[in-house]
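Below is one structure, written out as structure tokens; comments come after it.
The values are calculated or read from the model by the stated rules, or taken from the named source; none is laboratory data. In this text, all values refer to a predicted model and were calculated from it rather than measured experimentally. Cβ: placed from backbone, ideal geometry, glycine included. Neighbour counts: every protein chain shown.
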Amino acid sequence: MTVLDFQARNTPIQRVDALAVELGLTPGRLWIKRDDRTGLNSGGNKARKLEYLVGDAVDQGCDVLVTTGAAQSNHVSATAAAARASGMDCVAVLSTLGAQHQAEGNLVLDDLFDVKVVWCHPNERQSQLAATTAALAEQGRRPYPIPIGGTNALGASGYVAAAEEIVTVVPDPVAVCAVGTGGTQAGLTVGMGDHERVLGFDVAAIRDLDDTVPQVINDCAELLGRPTPVGAWSVDRRQAREPYGKPTAATHEAIRLTARAIGLVLDPVYTGRAMAGLIERARNSDLPDAPIVFVHSGGMPALFTHSYQHWFSVPAELSSGK
């Protein structure tokens, strides 16, 4: 099995005492795994998954990656970058509710990577992904379909390695992550070997996590010849009360608090919501009695879109300098 090198492994793990104190935690209790610093495009967790998935596409002699996601999908722009880095084309099935989309955030990156976009309703993503893949094959192309978020047993394998990296630096930790499609949580759980050692915060990306994530965990463990993790899968859904990507006051506070405390920027869709969940549980003294390693899974491009512009105060005119 080919595993490509998108510089996704051995990212830094930083002790963040200033942020810990802001959350009411003791120094040495809180760490951040800097997977925003992976080497593919603008960084993020998708690089770990794509090292395995695109490696499989190379092994199969494919020439075009086909995937799906929302209009501002980090996964899609990362897949497009991986395609170009591997000498392939990329076709993306992006979902929309009919709104006019501006050239901003990840859509700019998709354009730079010359992605062919197929628009569809959110409920049609899976069927349209299959139809688009079939159409490419009929045209004589060799397509490789990648599921939403890169979430399957093979993609999750990248986060088994991340779990191993974490435990070499921080003994007996609990890993904290955002849960969109669940691949990151699945891989971390297999790597940790224990459901209780991974705390995931649902960001309301998909509805059927209860069905999909446990299956991906079991499939990933079987694929890698590892024991099935002990315990039962769970996810914290308190940050998923608002729709996916919708600006929330808790997310805004989490992003500003983290930036002010340690000079680190989170994104408004995934890591910002996960940090909001961590803050809520810390303030309620509702965290596991263990070192906490927050996985920064990237995603910053979404912060620079009109959806969140009301969070920021930018001067309308430059000062005259007088």
(request) Restrict the check to the range 234-249 and report whether at least one residue is assigned to a helix (DSSP H, G or I), in contact with a strand residue (DSSP E or B) (Cβ under 6 Å, 6 or more places away or on another chain), closer than 28 Å to Ser95 by Cα and modelled with pLDDT of 95 or more. (result) yes
(message) Going through Val66, Val21, Val93 one at a time, which residue ends up being in contact with a Cys (Cβ under 7 Å, 6 or more places away or on another chain) and over 23 Å from Ala161 (Cα atoms)?
(response) Val93
(message) Looking at the range 73-84, can you tell me whether even one residue there is part of a loop (DSSP other than H, G, I, E, B), small (Gly, Ala, Ser) and surrounded by 14 or more Cβ atoms within 10 Å (Cβ to Cβ)?
(response) yes
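For every residue, the table says whether it meets (1) closer than 21 Å to Leu266 by Cα; (2) over 21 Å from the mean Cα position of the chain (by Cα); (3) of a type outside the set (Gly, Ala, Ser).
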position: Arg125; (1), (2), (3): no, no, yes
position: Gly149; (1), (2), (3): yes, no, no
position: Asn152; (1), (2), (3): no, no, yes
position: Ser157; (1), (2), (3): no, no, no
position: Thr168; (1), (2), (3): no, yes, yes
position: Val198; (1), (2), (3): yes, no, yes
(request) May I ask you to verify whether Thr228 is out of contact with any strand residue (DSSP E or B) (no Cβ under 9 Å at 6 or more places or on another chain), in the same structural domain as Arg281 (by TED's automatic domain parsing) and more than 20 Å from Asn74 (Cα to Cα)? (result) yes
(request) Please work out if Thr26 is of a type in the set (Ser, Thr, Tyr), at pLDDT 95 or above, assigned by TED's automatic domain parsing to the domain that holds Gly245 and farther than 23 Å from Ser157 by Cβ. (result) yes
(message) I'm checking my understanding of the structure. Among residues of the range 105-123 that are surrounded by fewer than 16 Cβ atoms within 10 Å (Cβ to Cβ) and of a type outside the set (A, V, I, L, M), which one is nearest to the chain's Cα centre (by Cα)?
(response) Pro122
(message) When you scan the range 195-205, do you find a residue that is among the basic types (Lys, Arg) and outside any helix (DSSP H, G or I), even just one?
(response) no
(message) When you check Thr228 against the structure, is it assigned to a helix (DSSP H, G or I), hydroxyl-bearing (Ser, Thr, Tyr) and at pLDDT 95 or above, yes or no?
(response) no
(message) Considering only residues that are in a helix (DSSP H, G or I), under 22 Å from the mean Cα position of the chain (by Cα) and either among the β-branched types (Val, Ile, Thr) or within 25 Å of Thr258 (Cα to Cα) (or both), which ones fall in the range 20-61?
(response) Asp35, Asp36, Arg37, Lys46, Ala47, Arg48, Val54
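So that you can scan it fast, the table gives a plain yes or no per residue for (1) under 30 Å from Ser95 (Cβ atoms); (2) out of contact with any strand residue (DSSP E or B) (no Cβ under 6 Å at 6 or more places or on another chain); (3) not hydrophobic (A, V, I, L, M, F, W, C):
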site: Ala162; (1), (2), (3): yes, yes, no
site: Val176; (1), (2), (3): yes, no, no
site: Gly200; (1), (2), (3): yes, no, yes
site: Val203; (1), (2), (3): yes, no, no
site: Asp211; (1), (2), (3): yes, yes, yes
site: Cys220; (1), (2), (3): yes, yes, no
site: Arg256; (1), (2), (3): yes, yes, yes
